[in-house]
Amino acid sequence: MKIYIRIPTQTLELFDDNGMLLRRYQVSTGANGVGEENGSFCTPRGRHVIRAKVGAGQPENAVFIERRPTGEYYTPDLGKQHAGRDWILTRILWLSGCESGFNRSGSCDTMRRYIYIHGTPDGTEMGRPGSRGCVRMRNKELVELFDLVQAGTEVEIVA
């Protein structure tokens, strides 16, 4: 399996080992565009792997902070109570860069920047940049993807 995240089209594509397209999803990447520097809130480019899968068995809309479920479940009312919060919901696929000096190590390390593929509130617009650097997905689609991939799956982010 391999994942391609295409910034210009705001899509995530999952391919099997023979290069056959299995799934295509609309996503939302960094509102600040692409970039690898810590603190940029940009989506990092290049070759990555899924370092860890977090949230197996959690219900849809489970809220995560620092990769741990809080016990909360996102609702529009909770969203109003915590306006401006960066919602990380349902599941997390934590990415790790593979290119030393570009997206691995030092001030450009994707994993240390906590760049994830994660769920987001259902009302969040997909197909246009809007995140703080992560790759946002619809919750139902993320659950499907989460169940199809393993830790170590290659992820290529292209601009």
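The values are calculated or read from the model by the stated rules, or taken from the named source; none is laboratory data. Just so it is clear, the model here is predicted, and its values are computed rather than measured. Quick reminder, even Gly has a Cβ in these numbers, built from the backbone with ideal geometry, and neighbours come from all protein chains shown. Accessible surface is based on the protein model in full, side chains and every heavy atom, while ligands, DNA and RNA are left aside. Shrake-Rupley method; radii C 1.70, N 1.55, O 1.52, S 1.80 Å.
For this structure, a couple of remarks:
- Degrees, to the nearest 10: 139-148 long Cα axis against longest axis of the chain: 40 degrees
- Among SER28, SER96, SER107, residue whose mean-square fluctuation peaks in a GNM of the chain (springs only between Cα atoms under 10 Å): SER107
- Protein-only accessible surface order, largest first, of MET137, MET20 at 1.4 Å: MET20, MET137
- Per residue solvent-accessible surface (Å²) - region 4-138, probe of 1.4 Å: 49 Å²
- Ranking THR9, THR124, THR43 by solvent-accessible area of protein heavy atoms (1.4 Å probe, all protein chains present), from largest to smallest, gives THR9, THR124, THR43.
- Largest-first principal axis extents, alpha carbons of region 82-159, Å: 37, 30, 23
- If you plug the beta carbon distance of TYR73 and GLU154 into 1/(1 + (r/R0)^6) with R0 = 41 Å, you get a FRET efficiency near 0.80.
- Accessible surface of the chain, 1.4 Å probe, proportion on carbon and sulfur as whole %: 47 percent
- Directionally averaged projected area (convex hull, Cα atoms, the chain), nm²: 8.5 nm²
- Rel. contact order, % - alpha carbon contacts under 8 angstrom, at least six apart, the chain: 34 percent
- Antiparallel DSSP beta bridges within the chain, percent to nearest 5: 70 percent
- Each label point was placed 7 Å from the Cα along the Cα-to-Cβ direction; for ARG23 and ASP86 their separation is 2.4 nm.
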